[in-house]
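Structure record follows, encoded as structure tokens.
The values are calculated or read from the model by the stated rules, or taken from the named source; none is laboratory data. Since this is a predicted model, take the numbers as computed values, not measurements. Note that each Cβ is placed from the backbone with ideal geometry, even for glycine, and that neighbours are counted across all protein chains shown.
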Amino acid sequence: MMRGLHTPVRAIRRRVFKEVAELGFKADADTLLADMEAIPYAIVNEDAEKYRESVYRARAIVRERLRLAMGLSLRPENKPVHLTAGVEASNISEKYYEPPLMQVVPSACESCEENKYEVSNICKGCLAHPCQEVCPRDAISMVNGRSYIDQDKCIKCGKCKSVCPYDAIAKKERPCQKACGVNAIKSDKVGRAYIDPEKCVSCGMCMVSCPFGAISDKSQIFQLARALSEGENIIAEIAPAFVGQFGDNITPRNIKAALRELGFSEVYEVALGADIGAVAEAHHYVEKVVTGELPFLLTSCCPSWAVMAKKFFPDLIDQISQELTPMVATARTIKQKHPDAKVVFIGPCAAKKLEASRRSVRSDVDFVITFEELQAMFDAKEIDLTEYEAESSFHDATGAGRGYGCAGGVAEAIEKCINEYYPDVQVNIEHAEGLAECKKILTLAKAGKMNGCLIEGMGCPGGCIAGAGTNIPLPKAKKNLAAFVKNSSKSIPAKELEEIELD
């Protein structure tokens, strides 16, 4: 996993986001098209690091990244469309989003092989040749003193790899396809990856796993920067996974002050909404599952998990919790107190961009940006977080709500609440992380193997702290979040908590 590594792919993404944020903050309609045209030349030039085999290809890829970062769609390959086509519709300070979210930039895709076993030059041509002996299809022969695999005969069973004493047989897989737990990555007619929108649940694991940076998501940083530059009343709600994402010694007070410097009028933590959800789902489990009215209960806070359940297991929809997700619960409370304000969710998750745009449940969220995109906005404004510190920290969410950011944290929070509110009730907890594991556990639930359980699903392996929009490695994020939870002044919310108190 490349998450948290400062690779050239990440450097390009950050630079594109920074340039787009600068366009938004500048908010000059007269020069917008020319400024947009200039960005690929500023990023890819004779003095820049050489990212591709030619500056022309590198520049072409940056142009497509630029469009996605502006909230626009990729251009078709079979007809001429100008770089700035459609930008007028995007040049607004309101929510702008048009699915699909995850996009493969065709010119950036290296057409990786999907699944292939291949003998490397490490092969010693050993006398035992166990690879040849275990092959069920006689696909392996000795050629010029080394093992050779006939790809027409090979059935990709992997037995040869498992017995090679020199580890000389490599399994070549398409990284994006390997990372996708719902089999949404396909190949086009020339072997490049494309994403099946009917299967994709927008977790973004393909995006963070592609070593060529060929997959990217759409962004709202341009529109948000515009809205901030125009002085609108914009309130931030920040997910608990933020700890450590902007530097080792950056505190909530630093974050709060830096966001205000960026133009936000107020900052709240999404863990407040998680507290409400933990209380509600604790009661729900006892009232519905323990009584036998429902066979089991599925958590709803991870949008990729919830969308996957609805797409692939539609007959389990009634078992998905109807509670508002922490993002929506917090946003709704903010809008009740500040009806004219716009609300921005800042978090680790790409799929939240879809959740905020859906029509079935009003989200009350006007913009969604990731930690990665927020860092680029700080870069655009040259904001050094160490130089800013607010007088107070965030409003006081509990450790239970803050723990939602880690895999297992949602179920643990609900379990703690049940143990406190209903000490005589036995809680059966199950949790899955990563869409492949989520799919397995839902299959078991459908077969009646999970009755009586509270089941938490997280689309990203590791939970929100491993989301596609994070900045640091998972082990570091997990350690930081654990400390944040431990240092919370309250461990669980009150039994009758029904709304968030916004001071």
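A single entry from G347, G399, G403 fulfils the requirement of being within 17 Å of the chain's Cα centre (by Cα) and not charged (D, E, K, R): G347. If you go through region 57-79 and keep only what is among the acidic types (D, E) and over 23 Å from N45 (Cα atoms), you end up with just E77.
Considering region 297-319, the residues that are surrounded by fewer than 17 Cβ atoms within 10 Å (Cβ to Cβ) and free of Cβ contacts under 8 Å to residues at least 40 places away in the same chain include one that is nearest to A468 (Cα to Cα), namely K310. Can you give me the number of residues within region 312-351 that are of a type in the set (S, T, N, Q) and assigned to a helix (DSSP H, G or I)? Residues that pass the stated criteria total 4.
Residue-wise test of (1) in contact with a Leu (Cβ under 9 Å, 6 or more places away or on another chain); (2) surrounded by fewer than 16 Cβ atoms within 10 Å (Cβ to Cβ); (3) not in a loop (DSSP other than H, G, I, E, B).
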| position | (1), (2), (3) |
| --- | --- |
| L5 | no, yes, no |
| I12 | no, no, yes |
| V16 | yes, no, yes |
| D28 | no, yes, no |
| E53 | no, yes, no |
| R59 | no, no, yes |
| P80 | no, yes, no |
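Just to be sure before I move on: is D188 in the same structural domain as G71 (by TED's automatic domain parsing), surrounded by 17 or more Cβ atoms within 10 Å (Cβ to Cβ) and either without any contact (Cβ under 8 Å) to a residue 24 or more places away in the chain or among the acidic types (D, E) (or both) in the structure I sent? No. Is at least one residue of region 243-265 hydroxyl-bearing (S, T, Y), in contact with an Asp or Glu (Cβ under 8 Å, 6 or more places away or on another chain), closer than 30 Å to A380 by Cβ and modelled with pLDDT under 95? The answer is yes; a qualifying residue exists. Taking into account only those residues within region 268-292 that are among the small types (G, A, S) and surrounded by 24 or more Cβ atoms within 10 Å (Cβ to Cβ), which is nearest to I492 (Cα to Cα)? Residue satisfying both the conditions and the ranking: A278. For F394, the criteria (1) more than 22 Å from S300 (Cβ to Cβ); (2) more than 20 Å from the chain's Cα centre (by Cα); (3) at pLDDT 90 or above hold in every case but one, which is (3). Report yes if some residue within region 423-444 is at pLDDT 95 or above, within 28 Å of the chain's Cα centre (by Cα), of a type in the set (K, R) and closer than 19 Å to A309 by Cβ; otherwise report no. The answer is yes; a qualifying residue exists.
Listed by position, the helices (runs of 4 or more DSSP H) contained in region 398-503 that have at least 1 residues being among the aliphatic types (A, V, I, L, M) and without any contact (Cβ under 8 Å) to a residue 24 or more places away in the chain are 435-446. Suppose we filter region 37-51 for residues that are in a loop (DSSP other than H, G, I, E, B) and closer than 16 Å to V20 by Cβ; how many remain? Matching residues across region 37-51 total 1. Considered as a group, the residues in region 212-227 that are of a type in the set (G, A, S) and assigned to a loop (DSSP other than H, G, I, E, B) include one that is surrounded by the most Cβ atoms within 10 Å (Cβ to Cβ), and that residue is S219. Do we find that K440 is more than 30 Å from R253 (Cα to Cα), surrounded by fewer than 21 Cβ atoms within 10 Å (Cβ to Cβ), among the basic types (K, R) and out of contact with any helix residue (DSSP H, G or I) (no Cβ under 9 Å at 6 or more places or on another chain) in this structure? It is true that K440 is more than 30 Å from R253 (Cα to Cα), surrounded by fewer than 21 Cβ atoms within 10 Å (Cβ to Cβ), among the basic types (K, R) and out of contact with any helix residue (DSSP H, G or I) (no Cβ under 9 Å at 6 or more places or on another chain). Condition test on C180, is it under 11 Å from K116 (Cα atoms) and either surrounded by 14 or more Cβ atoms within 10 Å (Cβ to Cβ) or not basic (K, R) (or both)? In short, no. For the criterion of being under 25 Å from R15 (Cα atoms), in contact with a Cys (Cβ under 6 Å, 6 or more places away or on another chain), in contact (Cβ under 8 Å) with a residue 12 or more places away in the chain and not assigned by TED's automatic domain parsing to the domain that holds G459, A193 passes. Among the residues of region 153-172, those identified as outside any loop (DSSP other than H, G, I, E, B) and within 36 Å of the chain's Cα centre (by Cα) are K159, C160, K161, S162, I169, A170, K171, K172.
Looking only at residues of region 350-388 that are of a type in the set (A, V, I, L, M) and over 14 Å from Q220 (Cα atoms), we find that the one that is surrounded by the most Cβ atoms within 10 Å (Cβ to Cβ) is A380. Close contacts from region 13-31, counting a first residue that is on the phi > 0 side of the Ramachandran plot and a second that is modelled with pLDDT under 95 and in a loop (DSSP other than H, G, I, E, B), with Cβ to Cβ under 7 Å and a gap of 6+ residues or different chains, come to A27/E230. Report whether or not E389 is within 24 Å of R253 (Cβ to Cβ), free of Cβ contacts under 8 Å to residues at least 60 places away in the same chain and either assigned to a strand (DSSP E or B) or outside the structural domain of E19 (by TED's automatic domain parsing) (or both). In short, no. When you scan region 204-211, do you find a residue that is touching a Gly at 6+ places or on another chain (Cβ under 9 Å), part of a loop (DSSP other than H, G, I, E, B) and in the same structural domain as G24 (by TED's automatic domain parsing), even just one? Yes - at least one qualifying residue is present in region 204-211.
Residue under question is K124, and the condition is that it be in a loop (DSSP other than H, G, I, E, B), farther than 23 Å from R174 by Cβ and among the charged types (D, E, K, R); does it hold? Criteria met by K124. Scanning region 353-390 for residues that are closer than 21 Å to L324 by Cβ and basic (K, R), which turns out modelled with the lowest pLDDT? Once the filter is applied, the top-ranked residue is R359.
Hey, any hits in region 231-240 for a residue that's crowded, with 22+ Cβ neighbours inside 10 Å, part of a helix (DSSP H, G or I) and touching a Ser or Thr at 6+ places or on another chain (Cβ under 7 Å)? Scanning region 231-240 turns up no residue that is crowded, with 22+ Cβ neighbours inside 10 Å, part of a helix (DSSP H, G or I) and touching a Ser or Thr at 6+ places or on another chain (Cβ under 7 Å).
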